[in-house]
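Here's the structure, in structure tokens; my notes come after.
The values are calculated or read from the model by the stated rules, or taken from the named source; none is laboratory data. Keep in mind that this is a model prediction, so the values were computed, not measured. Every residue, glycine as well, gets a Cβ built from its backbone with ideal geometry; the counts of neighbours run over all protein chains shown. For accessibility, only protein heavy atoms count, side chains too; no ligands or nucleic acids. Shrake-Rupley method; radii C 1.70, N 1.55, O 1.52, S 1.80 Å.
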Amino acid sequence: TFYQCDLSVVEEVEQVLQRIKTEQHSIDVLINNAGMRSRYQSMMTLEAEEIRKVFQVNVFTPIRFIQELGPSEYDKQFYLVTIASALGIVAPAALSSYAATKSSAIAFHESWTFELDNMNFFNVRTLLVLPGQLNTTMFQGFAPPRQFFAPVVDSRKLAQEIVANCEVGMRGVLCAPFYSNFMHLLKSLPYAVIHLVRRISKMDSCLPLE
């Protein structure tokens with residue numbers, strides 16, 4: 001059953017959530033995949049409404065879907081997949097609002113995961129997906145630098161991996177490509193090293209400002 005909804009409009013989100021809860025007996029798997037980015041711009045020139053809309057789609061709406069469609073009694077099996085981004089760990093220049101929303105998604109997912117674990121609700125499982133740049137339209141329009149070290153992710157192959165994880169109820173984090181497994185380590189390095197790595201990778205100069 002397809003439910004059409006503008007995820008940036010709070011009223012539409014609440015209406016479709018009530019429809020789903022009324023018409024569907026139960027939800028077994030929830031994949032929060034929908035997302036949007038802001039323009040490639042300096043943070044100082046972003047409009048407040050644009051920032052609000054990105055946060056609404058990428059953070060607030062997924063949280064409402066979890067709150068309303070997740071199990072009220074945790075003895076029922078339920079599986080949550082949060083599609084975040086490696087950019088939520090290491091944020092590039094000129095993409096501040098998008099990166100901030102992905103950081104928020106990661107933090108919320110992690111907090112709820114260990115809230116469940118702390119209360120011994122093992123029937124409810126979660127998977128966090130941290131992809132690098134995907135071959136989708138969201139980040140088209142520029143040539144990604146250093147593709148030998150940071151190749152573009154095939155979205156179809158990643159989707160197949162996510163489905164395979166859903167089928168077995170895998171917990172934890174799914175990273176793609178390989179380098180995204182080590183993004184957290186970069187944060188713990190001295191500033192001079194971080195600065196050098198970012199300069200070499202060209203991550204802060206590759207985006208075309210809009």
(message) For the range 49-61, check the following and say yes or no: at least one residue is of a type in the set (A, V, I, L, M), part of a loop (DSSP other than H, G, I, E, B) and closer than 27 Å to residue 160 by Cα.
(response) no
(request) May I ask you to list the residues in the range 19-38 that are open to solvent by 30 Å² or more (accessible area, probe 1.4 Å), more than 23 Å from residue 162 (Cα to Cα) and either under 14 Å from the mean Cα position of the chain (by Cα) or in contact (Cβ under 8 Å) with a residue 40 or more places away in the chain (or both)? (result) 21
(request) Restrict the check to the range 122-131 and report whether at least one residue is open to solvent by 30 Å² or more (accessible area, probe 1.4 Å), basic (Lys, Arg) and touching a residue at least 24 places away in the same chain (Cβ under 8 Å). (result) yes
(request) Could you tell me which of the residues 55, 108, 139, 78 is open to solvent by 60 Å² or more (accessible area, probe 1.4 Å) and among the aromatic types (Phe, Trp, Tyr)? (result) 108
(message) Kindly evaluate residue 48 against the criterion of being touching a residue at least 12 places away in the same chain (Cβ under 8 Å) and either open to solvent by less than 90 Å² (accessible area, probe 1.4 Å) or closer than 26 Å to residue 158 by Cβ (or both).
(response) no
(message) Show me the helices (runs of 4 or more DSSP H) found entirely inside the range 88-202 where at least 2 residues are modelled with pLDDT of 95 or more and touching a helix residue (DSSP H, G or I) at 6+ places or on another chain (Cβ under 7 Å).
(response) 96-118
